[in-house]
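The values are calculated or read from the model by the stated rules, or taken from the named source; none is laboratory data. From a predicted model like this one, the values you see are computed outputs, not experimental measurements. Every residue, glycine as well, gets a Cβ built from its backbone with ideal geometry; the counts of neighbours run over all protein chains shown. Each accessible area value is taken on the protein alone, full model and side chains, heavy atoms only, with ligands, DNA and RNA left out. Shrake-Rupley method; radii C 1.70, N 1.55, O 1.52, S 1.80 Å.
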Amino acid sequence: MRNHIKRKHVTIDLENGSGAKQIKLDGFVKCVKEFESEVFEDLLLRFILLTNQTFLIVNSDAFRDFATYHRNQVKIPNNTTIGTRCTKRFEVEKELLTAQLQNAPGKIAIIIDCWTSKNMISFQGVIASWISAEWSYEEALLDLSILDGSHSGKELAASLVKEFEALANAQGIQFSPQEQRVSENSEDISDSDSDENSAEMSDNDVEFSDGSNVDETEVTSSMSIYSRIRHGISKIRKSPKLRAHFKNACKLENTKPKSLSLDGVTRWNSTYVMLKRVMEFRKPFEAVLRVSAAMSKFIVAEFEWKIVEQMLQLLTFQSKTTVHSYTTGNNNTEIVKAANAACTKLNKYYPSSDGLVYVMGLVLDPRCKFQWYKHVGIKGDVVKQNKQKAIECWNKNYKNEVQKSTAETSESTSLLASQMQGAKCSTVDQYRAYYSSPVVDATKTEDILIWWKDHEQDYPDVAAMARDFLAISGTGVPIERTFSFGSDLLTSN
C-alpha cells in the first residue's frame, strides 16, 4: 500500500519528513464521503420505483443482507415506511408535473389507450406529450389504472376528463368538462359512437375476465359457432373437474396438454389464438363436451369445424394476401361477411395517412415538406388536397393577421408617415415562405426540433404551429411501453 501511494500519490507525505503542508495519510483516507442515511433511503426508494419492485422487498432477508454488507450503519425501513415515502414522493412529483404542464409553451397532446393482459386484466393509460421552450420533446404518464366496464370511446373520454379534473383541482383551477372538447387525432370522441367503439362481439358473451361473466342463461343450438366454442372453453377453464377431463383426453391422444385460450375484445389476435389452440386440441375438447348434457350444448359439427379452419386462414396475416383477394371466389358467405365487417371497422377507426396530424407532421419536417410526396410518387390530386388542408389550418389557427397601422386611425405626428399613409406595406406570409424554401439536407439534419429551435425567429408563427403538431405522437408506442409493467404496478404485486 505504501509503495503504491509513493508511486501514484506523491503529494501524500507518508513519512512526514519533508515538513511541507501535504495531505497526511489519515486525511487522505477521510476524504471518502461519509455515509448519509437520508441519501441512502432516497436512493433505495428510487431503486424500488424505477425497477418496479414490490415494497415487500425491503423485508426480505436476502435483500437486507445485501444492503447492509459491510455497512453496519445502514437501517433498512420496512415496507410500510417505504409506501408512505412513496406516496409523499408522488405528491411532490405531481406538483412538479402540474407546473410543467402549465408552463408548456404550446399545446399538450394526449395519448390514451387500453390494453388487456393475458389473464384478461384491462388497463388504461394516459400520457401527455409536449414540446418545451427549449424545443425538447417531453412526455409524462398522467394515469395508469385498471379499467372497469366497456372500452368504448365514451368510457375512455370520461376517464380522461376525470384525470383533468384531478390535475385542475390540485391547482385550484375550475375545470368544466361541458366547455371542453375531448378529441383524438382531431376527431371528436362522441357518445354516438360509444356502442360501436366498444367492438363488442355477438351473442352478448363479451367479457373482460377469465370467463367469470359468461351468461349462464339457457344456451340453445341457435348459438353461433364462435359462441359455442367460447362458452365451452370458458366452462373448462373454470372447472377443475373439466380441466382434469381435458388433461386425460389429451393423454389418450398422446398429446401434451396445454391450457385452452380465451379471447378478449381488447387483446389483439386473441380470437385467432383461441381458435388456433382449440383446433390444435380439437379431439380432447370434443371429448370434454360429451361428458354431460350441459356441455353437449356447445358441441360443434364437422362442417362447422371446416368453417373455423377457413376463419383461421382469414385471420392469419399474409403480407401478399389482401382481404379482397381472399374473399374473391370464396363460397362461404359467413366468412365473406366477417371479412367485410372487419374491413368496415378498420376503415372507420384507422385514420388514413391523409389525416391532418400526419399531413402537418410531414409539412413541418424541414427535410420533407411537400417535396416528399413527389419523391415517393404520391398522386398530384392528393398533394393538392393536402396542401389545401395545411393552408386552411394555418389561416384559421396560426396566421398572425397584420394589424392596421395606427397612422390610419389617428393623426400622425410624423411628416413621412403622413406622406406614406396610403402606400401598401409589403407583408410576407410566414407559412408560404417556409414551405417555399428549399428542404434541408436529411443526411445533415437528424433532429428537426433542433432545426426549429435555430429557426424559430425566422418563422415565429410557423414555429408555434410546429410546436403544437410535432408534440403529437404518430403511434401509440409511448403508452404501450407503460402496459409492459402495468401488471406489476396495479395488481397484487
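Screening Glu134, Glu138 for residues that are more than 30 Å from Lys238 (Cβ to Cβ), open to solvent by 20 Å² or more (accessible area, probe 1.4 Å) and in a loop (DSSP other than H, G, I, E, B) leaves exactly one candidate, Glu134.
Listed here are the residues, each with its yes/no results for (1) surrounded by 12 or more Cβ atoms within 10 Å (Cβ to Cβ); (2) modelled with pLDDT of 90 or more; (3) of a type outside the set (Val, Ile, Thr); (4) out of contact with any helix residue (DSSP H, G or I) (no Cβ under 7 Å at 6 or more places or on another chain).
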residue	(1), (2), (3), (4)
Lys387	yes, yes, yes, yes
Ala390	yes, yes, yes, no
Asn395	yes, yes, yes, yes
Ala407	yes, no, yes, no
Leu415	no, no, yes, yes
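For every residue, the table says whether it meets (1) open to solvent by 20 Å² or more (accessible area, probe 1.4 Å); (2) touching a strand residue (DSSP E or B) at 6+ places or on another chain (Cβ under 7 Å); (3) closer than 30 Å to Glu456 by Cα.
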site	(1), (2), (3)
Ala67	no, no, no
Lys88	yes, no, no
Leu97	yes, yes, yes
Leu144	yes, yes, no
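Considering (1) at pLDDT below 85; (2) among the β-branched types (Val, Ile, Thr); (3) open to solvent by 50 Å² or more (accessible area, probe 1.4 Å), the lone condition that Val74 does not fulfil carries the number (3). Selection of segment 261-274 for residues being open to solvent by less than 50 Å² (accessible area, probe 1.4 Å) and in contact with a Ser or Thr (Cβ under 9 Å, 6 or more places away or on another chain) yields Ser261, Leu262, Asp263, Gly264, Val265, Thr266, Ser270, Met274. In summary, Leu45 fulfils each of the numbered conditions (1) modelled with pLDDT of 70 or more; (2) out of contact with any Cys (no Cβ under 7 Å at 6 or more places or on another chain) with the single exception of condition (2).
Mind checking which residues of segment 229-244 are open to solvent by 20 Å² or more (accessible area, probe 1.4 Å) and part of a helix (DSSP H, G or I)?
Applying the first criterion (open to solvent by 20 Å² or more (accessible area, probe 1.4 Å)) to segment 229-244 yields 235, 237-244.
Matches in segment 229-244: Lys235, Arg237, Lys238, Pro240, Lys241, Leu242, Arg243, Ala244.
The residue that is most open to solvent (accessible area, probe 1.4 Å), among those in segment 275-300 that are out of contact with any Leu (no Cβ under 6 Å at 6 or more places or on another chain) and not in a helix (DSSP H, G or I), is Arg290.
When Ser222 is tested against (1) in contact (Cβ under 8 Å) with a residue 24 or more places away in the chain; (2) in a loop (DSSP other than H, G, I, E, B); (3) not charged (D, E, K, R), just one condition goes unmet, and that condition is (1).
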